[in-house]
Amino acid sequence: MWFPETIHLRTWFLFLAFCMYFAIIIISVVVVLRENRNPIRALSWVIALIFLPGVGLIFYLFFGRSIRGEMISQKNKRRLQHSFQPYGVKLQETELRKEQKNLVMLGSQISGYPLTYNNEVEIIIHGEEKFKKLKEDLLKAKESIYLQYYIFLDDKIGNEIAEILKKKANDGVEIKVIYDHVGSFSASNSFFKKMEEEGIEVHPFFRVNFPQLANRINWRNHRKIVVIDGKIGYIGGMNIADRYAYGNGKNKELWRDTHFRVKGDIVESLIHSFLIDWNFRKKDTYFPQLPPRQDAIRNDKGIQLVTGGPISTWDNLSLMFLKAISSAKRLIWIQTPYFLPTDALYNALQAAALSNIDVRIMMPAHTDSFLLHYASFSYISQCLAAGIKIYLYQPGMLHAKSMVIDDDLVTAGSTNFDFRSFENNFECNLFIHDPELNSRMRDIFYSDMKDCEKLQKEKWRKRPLGHRFLESLLRLVSPIL
């Protein structure tokens with residue numbers, strides 16, 4: 001039986017608990033507003049905090065806080081930057097168009113990497129081909145292997161790569177591996193420990209554990225970079241997992257992606273990016289001995305690396321995409337697994353289409369994420385209304401992340417066309433100024449169109465009412481997905 005005093009104390013306890021929770025919510029809302037972030041994104045978090053009691057606060061603590069300007073030793077970063085600067089060409093000595101020069105200058109200012117000439121690029125669109133070439137290159141390594149992936153699993157292809165790395169480590173090759181701790185969470189600890197026991201240096205990027213769980217889980221290193229002997233580089237969208245190599249086991253082309261194998265001066269930029277991540281939050285900075293430049297390659301295939309992440313001053317990749325789209329004169333063709341653009345990019349694409357530029361967006365008909373699938377589809381109606389052509393890839397998961405602009409610009413890498421890649425993930429893309437490679441990428445786009453359904457406005461309007469509701473609901477929170 002409750003006594004009046006007990007009821008009185010319980011009431012006061014509940015009142016104080018409510019006041020404390022309310023105060024925490026108000027403080028969190030103030031913090032969100034003071035960060036001066038994207039207004040739509042800020043509004044999404046404010047709505048979540050107010051209308052999802054408890055849950056909204058937990059999600060904000062884990063996924064909402066900004067870490068810009070934090071978590072990395074600026075002293076170590078400056079030491080590394082001063083230890084060597086990737087080789088590049090003088091912009092005034094190039095024959096690039098004014099729009100291209102402006103884009104290169106933007107990339108240099110925000111990311112620090114120069115435009116390089118004297119490069120060779122091989123386009124790889126199927127995982128089986130990529131891993132065949134990668135394994136061959138790894139087996140030929142004589143001096144060093146730098147390997148960085150968002151996902152590195154201990155499945156068939158992962159174990160094959162690991163066994164090669166162990167063999168090369170026993171041969172005296174210096175090997176450094178970075179894997180994202182959350183992206184590779186399903187791989188066993190013993191998988192990486194066995195590599196370490198063979199002399200391979202393994203670094204889990206931003207390990208998520210207690211008590212740092214809440215301030216680490218949302219900030220993922222999504223980059224995929226390999227550098228072999230300082231001469232051969234890989235960069236793109238494919239991780240180390242069976243689904244990238246074999247699809248679902250029935251059709252090797254079900255997981256469609258884009259990756260580059262590169263040689264030449266651009267490899268120095270890839271080394272530099274890898275070392276920045278290797279020295280992330282470390283006290284002792286690692287400085288390698290760089291190999292001599294590859295004088296055998298001489299051409300004007302211009303390539304620039306641009307990296308971005310939550311610690312950057314600017315939204316690097318978002319700004320580069322916006323600049324490239326805004327400077328387009330003839331065509332903009334995009335392939336992306338998820339389409340959740342910022343307002344600026346969304347408006348730029350609509351403005352381009354309305355000004356008679358050929359804008360095409362290709363995305364998968366069915367993705368590996370229920371939420372992102374319907375959130376991406378919420379943008380389609382307005383795209384079609386503006387004259388943007390939408391293609392839904394039918395055979396399986398389209399995981400390629402590329403954009404073709406006019407006749408002489410291509411960008412591809414790890415960056416999805418979504419908020420997470422632009423703001424929360426550590427990403428990297430190559431921006432390639434070359435008509436010949438642009439033509440090859442357009443041919444690939446044409447080939448993929450044969451496996452797509454081109455959406456028509458009338459048919460799209462007739463989609464099920466339930467789908468429309470899900471799209472509208474998820475559109476509200478798309479900036480925080």
Problem set entry | Equivalent ellipsoid semi-axes - Cα gyration tensor, region 394-481, angstrom | 29, 21, 10
Seminar exercise, completed: Expected vector for region 328-335, Karplus 3J(HN,Hα) from phi with 6.51, -1.76, 1.60 and θ = phi - 60°, integer Hz, x for Gly and Pro, equals 5, 10, 10, 8, 9, 10, 10, 10
Problem set entry | Among the listed pairs K323/K389; K231/K323; K140/K450; K101/K401, those beyond 28 Å (Cα-Cα) | K231/K323; K140/K450
Exercise. Once you list every other residue whose beta carbon is under 12 Å from the beta carbon of E163, what net charge do they have if Lys and Arg are +1 and Asp and Glu are -1?
Worked result: +3
Exercise. Aspartates and glutamates near K167 by alpha-carbon distance under 20 Å, same-chain residues fewer than 8 away left out - which ones?
Worked result: E136, D137, E143, D154, D155, E196, E197, E198, E201, D229
Exercise. Where the centroid of each part is defined by its Cα atoms, how far is region 387-411 from region 221-244 in Å?
Worked result: 21
Exercise. Could you state the principal axis extents of the C-alpha atoms in region 334-481, from the largest down, to the nearest angstrom?
Worked result: 45, 35, 32
Exercise. What whole number of Å gives the distance from the Cα centroid of region 318-379 to the Cα centroid of region 296-312?
Worked result: 22
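FYI, it's all coordinate maths here, none of it is from the lab. These numbers come from a predicted model, not from an experiment. Glycine gets a Cβ as well: all are built from the backbone with ideal geometry, and neighbour counts include every protein chain shown.
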